[in-house]
Amino acid sequence: MWEQVQELGKRYGKVGVLLLFAVAAGLWVFRHPTNEKVQVVLPAAETDAAQPEAKKEEAPKTAVVDVKGAVAKPGVYEVAADARIRDVIVLAGGLTDEADETKVNLAAKVRDEMMIYVPAKGEAAPASETTGAAPKDEAGIGPQVAVNTATEEELMQLPGIGPAKAKAIIAYREEHGPFRRAEDLLNVTGIGEKTLEKLKPYLLVP
């Protein structure tokens, strides 16, 4: 074999011999591929970024309340968590003719496991903390009054409201529509800032 290489060297020179060796080496590698596997190590992913953010606890969307007393359909009802007592009364078929709505705070928000008791006329209202009944002041003055639906007699239960002002309130809402906020009462003849401040704790205005 050495003699063959010398013969090739004479014929093609050293450069030719080197080229032949290179071609031969390439053919050998092509016919005998290596079995070694190349492993590519990727950098570890940041665990904090990969983990999804923890979901915040969602507030309850519903509340379950027990309705008793002078309503058409007493029972347990599931309502939206932001519902008002008046919404629950509607679900319960509305108030009966015997119901005394002046002793129930229809604008109060419901809460889960709440009991709503609607007393009949002449019946004492239960404690407001557990039933949603309208609160009374320290002196024992009457309950809150829904100014958009109250009668003249009911309006006269409010401090500082006599027959004349009660009639003026009813006349104003009949002419201009329901009151949207307590400050709208300032538009009624005879009601000023001082009177309104006394009234606010007893008013139910949507």
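Some observations on this one:
- The range 146-155, residues that are part of a loop (DSSP other than H, G, I, E, B) and open to solvent by less than 80 Å² (accessible area, probe 1.4 Å): Val147, Asn148, Ala150, Thr151
- Test result for Pro143, at pLDDT below 85 and assigned to a helix (DSSP H, G or I): no
- Looking only at the range 113-140, and only at residues there that are of a type in the set (Asp, Glu) and over 18 Å from Pro159 (Cα atoms), the one that is modelled with the highest pLDDT: Glu113
- Residue pairs whose Cβ atoms lie under 6 Å apart, sitting 6 or more positions apart in sequence or on different chains, and linking a residue in the range 151-176 that is modelled with pLDDT under 90 to a partner that is not hydrophobic (A, V, I, L, M, F, W, C), are Glu154/Thr102; Gln157/Gly142; Leu158/Tyr202; Pro159/Lys198; Gly160/Thr195; Gly160/Lys198.
- The range 61-84, subset under 13 Å from Val118 (Cβ atoms) and aliphatic (A, V, I, L, M), residue nearest to the chain's Cα centre (by Cα): Val65
- Hey, Val110 surrounded by 12 or more Cβ atoms within 10 Å (Cβ to Cβ), at pLDDT 85 or above and over 24 Å from Thr151 (Cα atoms) or not: yes
- Identity of the residue in the range 85-102, of a type outside the set (Val, Ile, Thr) and open to solvent by less than 50 Å² (accessible area, probe 1.4 Å), that ends up nearest to the chain's Cα centre (by Cα): Ala92
- Taking the criterion of being surrounded by 17 or more Cβ atoms within 10 Å (Cβ to Cβ) and either at pLDDT 85 or above or part of a strand (DSSP E or B) (or both), the residues of the range 185-206 that qualify are Leu185, Val188, Ile191, Thr195, Leu196, Leu199, Leu203, Leu204.
- Residue that is farthest from Thr102 (Cα to Cα), among those in the range 158-184 that are of a type in the set (D, E, K, R) and part of a helix (DSSP H, G or I): Glu175
- Residue count for the range 175-184, restricted to those that are open to solvent by 80 Å² or more (accessible area, probe 1.4 Å) and either more than 35 Å from the chain's Cα centre (by Cα) or within 15 Å of Lys200 (Cβ to Cβ) (or both): 3.
- Qualifying residue in the range 65-80 (condition: hydroxyl-bearing (Ser, Thr, Tyr) and surrounded by fewer than 16 Cβ atoms within 10 Å (Cβ to Cβ)): no
The values are calculated or read from the model by the stated rules, or taken from the named source; none is laboratory data. Predicted model, so just to flag it, every value in this text is computed and none were measured. Note: ideal-geometry Cβ built from the backbone for every residue, glycine included; neighbour counts use all protein chains shown. Ligands, DNA and RNA are stripped out before the accessible areas are found, and what is left, the full protein with its side chains, is counted by its heavy atoms. Shrake-Rupley method; radii C 1.70, N 1.55, O 1.52, S 1.80 Å.
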